[in-house]
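Trainee: Have a look at this one before I ask anything.
Readers should treat all values here as calculations from the given coordinates under stated rules, not as data from a laboratory. Nothing here was measured: the structure is a model prediction, and the numbers come from that model. Glycine gets a Cβ as well: all are built from the backbone with ideal geometry, and neighbour counts include every protein chain shown.
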Amino acid sequence: GQQLNQSPQSMFIQEGEDVSMNCTSSSIFNTWLWYKQDPGEGPVLLIALYKAGELTSNGRLTAQFGITRKDSFLNISASIPSDVGIYFCAGQLDSNYQLIWGAGTKLIIKP
Amino acid sequence: ETGVTQSPTHLIKTRGQQVTLRCSSQSGHNTVSWYQQALGQGPQFIFQYYREEENGRGNFPPRFSGLQFPNYSSELNVNALELDDSALYLCASSFGQDSYEQYFGPGTRLTVT
């Protein structure tokens, strides 16, 4: 089946650092979504991207839809303790309503 | 605006039993999608309902079935439970079958023993 490769699997960062994570695939996607999931909760939509090359921000978060339509990136600037959680990318293939999900990037802030 | 709600929060069942999970969509949303999320994994798409009709299905066997009601709430039914069915079951609602901006409920944690 279709797969999204999300990296890194986990990140240990200092508060105040910038964070980058990405998702790649061998398939072309029409839509990219980035979600954050806290323990015991459902994923929360952060950013939605609909066009190749699109760059969208939501506060300290910025995401980009790759030009090749096979990848997407999420950056978090000046990380704070509440950024801790698991970040998922999800993509929608052409002519298929199904969202394909990455395995997640776990963000941990060093004490 | 009311968010997506799911019930029950937690459930323990025995192998071979049947289970029904429930979801109330966000107000104004007419599409519901169900996902299974195993520990440490991303959600896996089970199926989607749009205006009471199944609108797409992932790679899950027929013992996973669903319903959507006129008020757009939904049920997920799983028959003949297996140990591997233990997971967090997530419901997401959206407006329109073409919308990918899905809003999730908190999930139902199902444990099969």
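Trainee: Once amide H atoms are built 1.01 Å from N in the peptide plane, which residues 5 or more positions from B:K13, or in another chain, come under 5 Å H to H?
Mentor: B:T111, B:V112, B:T113
Trainee: Follow-up question, since we're still on this one. Pairs of alpha-carbon atoms within less than 8 angstrom and 6+ residues apart define the contacts here; what relative contact order does chain B have, in percent?
Mentor: Reported as a whole number, the value is 37 percent.
Trainee: Only bridges with both residues in the protein assembly as shown count here: give the DSSP antiparallel percent, nearest 5.
Mentor: Counting only bridges with both partners in the protein assembly as shown, antiparallel ones make up about 90 percent.
Trainee: Can you give the mean number of other chain Cβ atoms that lie within 10 Å of the Cβ atoms in peptide A:5-17? Let's see the in-between values first.
Mentor: Details: counts 0, 1, 0, 0, 1, 0, 0, 0, 0, 0, 0, 0, 0.
That average works out to 0.
Trainee: Continuing with this model, one more query. In sequence order, what are the phi-derived ³J(HN,Hα) couplings for region A:76-92 according to the Karplus relation 6.51 cos²θ - 1.76 cosθ + 1.60 with θ = phi - 60°, rounded to whole Hz, with x for glycine and proline?
Mentor: Whole-Hz 3J(HN,Hα) from phi for region A:76-92: 10, 9, 6, 4, 10, x, 6, 6, 4, x, 10, 9, 10, 9, 9, x, 10.
Trainee: Turning to a different aspect of this structure: Just going by the charge dipole of the protein assembly as shown, with Lys and Arg at +1 and Asp and Glu at -1 on Cβ, which of B:F60, A:L107, B:Y100 is farthest out on the positive end?
Mentor: Positive-most Cα among the choices belongs to B:F60.
Trainee: Residues of region A:14-42 with backbone nitrogen within less than 16 Å of a virtual label 7 Å along the Cα-to-Cβ line of A:V84, please, listed as ranges.
Mentor: In region A:14-42, the label zone of A:V84 (backbone N under 16 Å from the point 7 Å along Cα→Cβ) covers A:14-17, A:37-41.
Trainee: Another question, then. What residues qualify as long-range amide H neighbours of A:A103, i.e. H under 5 Å apart, gap of 5 or more or another chain, H built at 1.01 Å from N?
Mentor: Long-range HN contacts for A:A103: A:Q6.
Trainee: What is the magnitude of the charge dipole of region A:1-107 about its Cα centre, with +1 placed on the Cβ of each Lys and Arg, -1 on the Cβ of each Asp and Glu, and no other charges, expressed in debye to the nearest 20?
Mentor: About 280 debye.
Trainee: Also, I was wondering about something else. Within 10 Å of each Cβ in peptide A:99-107, how many partner chain Cβ atoms are there on average? Round it to a whole number, please.
Mentor: Whole-number average of other-chain Cβ neighbours for A:99-107 is 4.
Trainee: About the Cα centre of the protein assembly as shown, how large is the charge dipole given +1 on each Lys and Arg Cβ and -1 on each Asp and Glu Cβ? Please answer in debye to the nearest 20.
Mentor: That gives a dipole near 300 debye.
Trainee: Using the crude model of +1 on Lys and Arg Cβ and -1 on Asp and Glu Cβ, and no other charge, please compute the dipole size for chain B relative to its Cα centre, in debye to 20.
Mentor: 340
Trainee: Restricting to bridges with both residues inside chain B, how much of the DSSP beta-bridge set is antiparallel, in percent to the nearest 5?
Mentor: For chain B, the DSSP antiparallel bridge percentage is about 90.
Trainee: Shifting gears a bit: Put +1 on the Cβ of each Lys and Arg and -1 on the Cβ of each Asp and Glu in chain B; which of B:Y72, B:L83, B:P8 then has its Cα farthest toward the positive end of the dipole?
Mentor: B:L83
Trainee: Straight-line reach from A:K110: which lysines fall under 22 Å, measuring Cα to Cα and dropping same-chain residues less than 8 apart?
Mentor: Result set, ordered by chain and number: A:K36.
Trainee: Still on this structure, I have one more. Just tell me how shielded B:90-101 is by partners: mean number of partner chain Cβ atoms within 10 Å of each residue's Cβ, no decimals.
Mentor: 3
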